[in-house]
Each structure stands twice: as structure tokens, then as C-alpha cells.
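Notes follow once the structure below has been shown.
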Amino acid sequence: MESNDNIHSTLNHLFRQESGKMVAVLVKIFGIENIEIAEDVVQDALVSALETWKFRGIPDNPKAWLYRTARNKAIDIIRRKKHSKTIDFSDPERKLLTSEYTLSSTMDNFWKEEYIQDDFLAMMYACCHPDISPENQITFILKSLCGFSTKEVAKSFLTSEDTISKRIYRTKEYFRKHQIRPEIPYPEEITSKTSVVLNTIYLIFNEGYNSTHNDQLIRKDIISQALWLCKSLLDVELTQLPEVYALMALMLFHTARLDSRINDQGELILLSDQDRTSWNKELIAQGSRYLNQSAFGESLSTYHLEAAIAYKHCVADSYDNTDWKEILKYYDLLLKIKKDPIVSLNRCLVILELYGAEKALGTIQSIGEDHKLLEKYYLYYSILGEIYERLMKPTIAIEYYEKAIKLTQSDPEKRLLKHKMSKILN
């Protein structure tokens, strides 16, 4: 008899990777208006696997077993509902499902490997419709395409399951009301529509890399899903765009440094203090390959420049030997593309390293005057604290660190700021 731990581990990994594809295929079968039916079929297939594998063992091809089970359950539902109005069988792709003569072979066509990836990609574009809010996009993708439970999504954002359920409900209602069909954009639309998808993937990655809603600063499960979603775009020729390669490179460079960002006690470690020997050289090499692959076409995206900055950090043999001048050039280019106050803040840190605290202070003060919203952002005060600490003005530095503590929800970030304050006081 197979051990429960082994079964749960296998299923959990498989479910994360395949549930979204299964949902996408089933949505194509039942229609986006019946996405709950699609999700129920996937859950039923998971339960069947738990019950069956316990006694018969894990099959040689667990993915194929799960797909076949979902297919058979879909057939049962089609037979029960073919005379109801729940499913719109007028669609040419579904019409053949109403006849027993063609039901099985038509269902097999839906589950062909060469179509599954396209269906999943089409579902990604539907989830990232520009009229759906970013928080609802992320919530829906994590729930429906990444196999996260409502409870897991709620925990990720430190909110209630009821709030997450409402977000999911609103997204589904939007699909129904506007009759959104999952489809891959036409070639002439692919760049603009992919940019929305990439933005959502990067938001998901950042939530895993630097969680603002959780007591854990790093969520590797969310990071792995962001990488997987981006790789899904690169697996299809139509979406092999320069900015997709660039985003993949950027996320890999950041992921390579994950294990050095937190110590054994869960404390945050600054870049200047990180053990660079623990950085994942293979991921850095992969990121470099993707960055090289992104160098085609005429577009220079923010992902290209952010990846170039991350690359410079990854290849520096020490913090002191970082090529700050080159990084500053990338930040200047980045600000020409995107007037983002957060980018301006990060640029201030480079100014601090290159030209000292006085120059950095003048730069950050000018940013604060232009962007009053920064006064609600913890990093603004954290950098001011760092600048005044270097200017040998400890009282002012502590005041800014205290303001930063009040504005961050991250426990590791709060502990780091308190540690900086204690060093000043001691």
C-alpha cells in the first residue's frame, strides 16, 4: 500500500502544474460560464486519485491518469446535461458531444497534448483582461490556474477566505456578463495583450519574493508559479516575445539569490551582507541565456533594463565591486520609459553608493516633492533613515526608521528596521 505522504507529495506537485491546464480544457468543453463545473471536475479527479492510489499505488504516468479521470467525469456530465440549457451545445466544437456516436472521439480531441497548452494560454489571457482589477487577476489565476485553494490564497494576502471568494465571484460574473471567451490574441494584438499578462505574472512574483501581506517575507510556492506561468508563454511560438524572455531572466536572477536573503532565524539580510557563494549559479546562467535571447526586435522594455540591473548585481564578486555606474545608466534609461517613483527610490540607493549621502539626500528630497504618495511608502523613510545614519545624524535617522516600521506589514522588514535602530542606539 502506497504511503499517504508519498501520494500527497506527488499529487500536490502534479496538481500545481496540471490543474490550470485541466481547468482550461474543461472550460473549453463546458464554456466559461460554467467554470465552476470545470473546477469541480478537477477537484473530483484529485479526490479520485487520493482514494484510488492509496490502494493501487501511484500509476506509472500519474498525469495521464489524472487527465483520463477528468475526461471521463466530463463525459458523465455531458450525458447528464445534454438536454438541459446549462451547456451551450450550439458551439460547433461542442455539437458533436451530444451524440453517443461522436462523444468519446470528440472528447479525446479536446485532450490532445498539442491543444492543451494553447487552451491554457487562452485562459491566461482571459484571466488578465484589462478591465479586471490586478488584485482580482492575481487571485483568480492563483485559484483557477495554479491550483491554490481559497484558504491558501487568503493566507497569501493575509485576508479572509470570504474576501477571496468575493473577488473570485466578481471575476466569474464579469466573464458571464461580458461573455468573455478564452482565446489567444491575433498576432497584431499579441504584444499589447501580452504586456498585461506579464504585468500580472510579475505582480505574482513580487508577492512571493517580497510578500507584503504575510509574516513570511519569501513565498517560494508563489515564486515557482510565476516562473511556470512565464515559461508557459515561452513554450508557445506566438508569445516568444523579447519582453517575455526578459521577464523570465529578471525573475531567475532574483530567484538565484533567494536563499541568501533570509537567515536561519528568519531575519532579512541586506544585499551588502549576503553570502554570494550561496547564490544559485545555475539559475544565474539560465537567466543570462534568457537575457541574451531577449535581445531581438526593436523594443526595449522595463523588464530588459530591470534584468540588466539584476544581472550586474549577480555577477559582481562583492558588494563593493558592483558596477554602480553601469547600474545608474540602466536606472536612467528605465526612468525615461517609466516615470515610476519606486524606480526613482531605488536609483537613490545607487546614488548613495556612488556619490555619498549628501547627493542622495538632495535626490530623494526632490522625488518626495514630486510624488507625495511616497510619504505613505515605508521604503521612502527607510532610505531616508539610511542616508541620515551615514550623515551621522542618528536622532533623525531613528525618526525615519520608526516611520518606516509603521508603514510596512512585513514582520521581517520591521525586525530589520528595529535592528538598524538598535545599532545606532548602541
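The values are calculated or read from the model by the stated rules, or taken from the named source; none is laboratory data. What you are looking at is a predicted structure, and each value in this text was computed from that prediction instead of being measured. Every residue, glycine as well, gets a Cβ built from its backbone with ideal geometry; the counts of neighbours run over all protein chains shown.
A few remarks follow.
- Per-region count, region 41-84, residues part of a loop (DSSP other than H, G, I, E, B), without any contact (Cβ under 8 Å) to a residue 12 or more places away in the chain and not acidic (Asp, Glu): 4
- Identity of the residue in region 122-149, in a loop (DSSP other than H, G, I, E, B) and over 14 Å from the mean Cα position of the chain (by Cα), that ends up surrounded by the fewest Cβ atoms within 10 Å (Cβ to Cβ): Asp131
- Pairing residues of region 259-276 that are in a loop (DSSP other than H, G, I, E, B) with residues that are among the hydroxyl-bearing types (Ser, Thr, Tyr), at Cβ distances under 6 Å and at least 6 apart in sequence or on separate chains, gives Gln274/Ser260; Asp275/Ser260.
- Among the residues of region 279-298, the ones that are exposed (fewer than 13 other Cβ atoms within 10 Å of the Cβ) and either assigned by TED's automatic domain parsing to the domain that holds Tyr202 or polar (S, T, N, Q) (or both) come to 1 in all.
- Failed condition for Ile398, given (1) touching a Ser or Thr at 6+ places or on another chain (Cβ under 8 Å); (2) touching a residue at least 24 places away in the same chain (Cβ under 8 Å): (1)
- Which listed residue, of Tyr401, Tyr377, is over 25 Å from Leu305 (Cα atoms) and touching a helix residue (DSSP H, G or I) at 6+ places or on another chain (Cβ under 8 Å): Tyr401
- Contact annotation: residue pairs with Cβ atoms under 8 Å, 6 or more positions apart or on different chains, pairing a residue in region 240-255 that is farther than 12 Å from Ala226 by Cα with a partner that is among the aromatic types (Phe, Trp, Tyr) and outside any helix (DSSP H, G or I), are Pro242/Phe296.
- Residues of region 392-426 classified as modelled with pLDDT under 90 and assigned to a loop (DSSP other than H, G, I, E, B), total: 4
- Count - residues of region 92-112 that are of a type in the set (Asp, Glu) and at pLDDT below 90: 1
- Lys28 vs. criteria surrounded by 14 or more Cβ atoms within 10 Å (Cβ to Cβ) and more than 30 Å from the chain's Cα centre (by Cα): no
- Condition check for Gln117: over 25 Å from Lys73 (Cβ atoms) and in contact (Cβ under 8 Å) with a residue 24 or more places away in the chain: no
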